[in-house]
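Visitor: This is the structure I want to talk about, given as structure tokens.
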Amino acid sequence: MLLRQQGPALVVHTPAKLNLFLEILGKRADGYHELETLMVTVGLYDTLRFTEDDSSATPSPLASATSAAAMPSDIHLACRWAGLPEFSPGPLPTGRDNLVVRAAELLREVTGTRRGASIELTKRIPLAAGLAGGSSDCAATLFALNRLWKLGLSRQRLLELAARLGSDIAFFLTDAPAAVCRGRGEIIEPVATPMRLHFVIAKPTSGLSTAAVFRQCRPAASPRAAQPLLSALRAGHHALAAKQLHNALQPPAEQLNSDVARLRHTFARLPFLGHQMSGSGTSYFGICSQREQATALAAQVRSAGCDQVFVASIQP
């Protein structure tokens, strides 16, 4: 994530992720699935602006000192989609069903602070897309409010709180452009990717429930490992790396949503090095070695009928 001070506010640009590899290893006792995944951050960002909020109601002269002291400031979240209104996918939640609010409330719960914040979220990362926009926003909230409120929580403590809120959130707190994630996604091993990759990312209008996709999947009888892909990336072999792409959630996602299969057919007709679905879908991506080629292929994906198409890169 990219953070800067802007007057009294902290502004954070927080990225999307792609899964270059995702294998399901088994079902856990806690109901989650044991997995191994290689995630990379890409240059498609949401923007959050955090300012201190001390708008707690002024107590009346008759209020007791105890009740006045216990009155916290508020968490205010305002959300909007970037771009023209006619392309907005619809309203965004601003209450406890938004991970940004839940992250702020969890910080107040574990630290006892009564400080508040006004948060403005500008969305560019599509929802229900397998790009972890909500998780990325959540990580940015933990990081920024820890700093804004001067809580002094360590990076390790923030990682522990992230694991309580969701599986992908910890990844965005590592500041690593790529990492192998294990467990249910919360065990992070940053890895070096010395090559620059460019992606065309397409999101159909339909989405998918992560829970529904995982319910449909089955652990692999002979699990694949991420190591061959990592070796190819470290060696700088674009074509070999693209051949090692794998997402065990793609077959069940295609069963649940025909738009994923349509995107697969569209990408297969174009000269990408490799292509697959990200996360639990419905976003689909193709890999290019050059930015210019990615821009040209993105235009062809748009002409095939997909409105939400992005070109983004991972930096080595």
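Coordinate-derived values only; no laboratory data. Predicted model only: the values in this text are computed from it and were never measured. When we count neighbours, we look across all protein chains shown, and the Cβ atoms used for this are built from the backbone with ideal geometry, even at glycine.
Visitor: Amide H neighbours of GLY279 under 5 Å, counting only residues 5+ apart in sequence or on other chains, H built in-plane at 1.01 Å?
Guide: For GLY279, the qualifying residues are ASN19.
Visitor: Considering only DSSP beta bridges where both residues belong to the chain, give the percentage that are antiparallel (nearest 5).
Guide: Rounded to the nearest five, the antiparallel share is 85 percent.
Visitor: For P(r) over Cα pairs in 10 Å bins from 0, in percent, several values are listed as [x] 6, 26, 33, 22, 9, 3, 1, 0; [y] 5, 20, 24, 21, 17, 9, 2, 0, 0; [z] 7, 29, 36, 22, 6, 0; flag the one computed from this structure.
Guide: Read-out from the structure maps to [x].
Visitor: Right, here's the next one. Assuming R0 = 45 Å, can you tell me the calculated FRET efficiency for the pair GLU109 and SER231, based on Cβ-Cβ distance, to the nearest 0.05?
Guide: Efficiency at R0 = 45 Å is approximately 0.55.
Visitor: Right, here's the next one. Once you keep just the Cα pairs under 8 angstrom separated by 6 or more residues, what percentage relative contact order results for the stretch 197-314?
Guide: 45
Visitor: Which is farthest toward the positive dipole end of the chain among GLN6, THR174, GLY112, measuring Cα position about the Cα centre, with Cβ charges +1 (Lys, Arg) and -1 (Asp, Glu)?
Guide: THR174
Visitor: Kindly put HIS237, HIS275 in sequence by how many other C-beta atoms sit within 10 Å of each C-beta, fewest to most.
Guide: Result, fewest neighbours first: HIS237, HIS275.
Visitor: Return the long-range amide H neighbours of ALA226 (sequence gap of 5 or more, or a different chain), with a cut-off of under 5 Å between placed amide H atoms.
Guide: Residues meeting the criterion, in which the H sits 1.01 Å from N, do not exist here.
Visitor: Here is a further query. Cut-off under 24 Å on the C-alpha distance; same-chain residues fewer than 8 positions from LYS203 excluded. Which lysines are left, in chain and number order?
Guide: Leaving aside lysines fewer than 8 places away in the same chain, those within reach of LYS203 are LYS17, LYS123, LYS243.
Visitor: How much length would be gained if the chain were fully extended between GLN156 and SER258, taking 0.36 nm per residue of separation minus their Cα-Cα distance, in nm to one decimal?
Guide: That pair, GLN156 and SER258, stretches by 32.6 nm at full extension.
Visitor: From the phi of every residue in the stretch 37-54, what ³J(HN,Hα) in whole Hz does the Karplus formula 6.51 cos²θ - 1.76 cosθ + 1.60 yield, where θ is phi - 60° and glycine or proline is x?
Guide: 9, 9, 10, 10, 8, 10, x, 10, 10, 8, 10, 10, 10, 10, 10, 4, 10, 10
Visitor: Which order results if GLU160, GLU292 are arranged by neighbouring Cβ count within 10 Å, fewest first?
Guide: GLU292, GLU160
Visitor: If amide hydrogens are placed 1.01 Å from N in the peptide plane, which non-local residues have theirs closer than 5 Å to the one on ASP53?
Guide: GLY116, ALA117, SER118
Visitor: Hey, what do the phi angles of the stretch 215-230 turn into as Karplus ³J(HN,Hα) couplings, whole Hz, using 6.51/-1.76/1.60 and θ = phi - 60°, x for Gly and Pro?
Guide: 5, 7, 7, 10, x, 5, 5, 10, x, 7, 10, 7, 4, x, 5, 4
Visitor: A further question on this structure: Cut-off is 10 Å between beta-carbons; in what order do SER118, SER283 appear when sorted fewest neighbours first?
Guide: SER118, SER283
Visitor: So what is the calculated 222 nm ellipticity per residue for the chain, using -39500 (n - 2.57) for each DSSP H run with n of 4 or more, over all residues, to the nearest 500 deg cm²/dmol?
Guide: Roughly -9000 deg cm²/dmol at 222 nm, from the helical runs in the chain.
Visitor: From the residues LEU18, GLY152, LEU92, which one has its Cα farthest along the dipole of the chain in the positive direction, the dipole being from +1 and -1 charges on Cβ of Lys/Arg and Asp/Glu about the Cα centre?
Guide: LEU18
Visitor: Let me ask something else. Can you tell me the length gained on complete extension of the stretch SER303 to ASP53, counting 0.36 nm per residue apart and subtracting the Cα distance?
Guide: Residue separation times 0.36 nm, minus the Cα-Cα distance, leaves 85.4 nm.
Visitor: How large is the charge dipole for the stretch 2-190, taken about the Cα centre, if only the Cβ atoms of Lys, Arg (+1) and Asp, Glu (-1) carry charge, to the nearest 20 debye?
Guide: 240
Visitor: Here's a follow-up. How high is the FRET efficiency between THR295 and LEU25 when r is their beta carbon distance and R₀ equals 45 Å, given to the nearest 0.05?
Guide: 0.75
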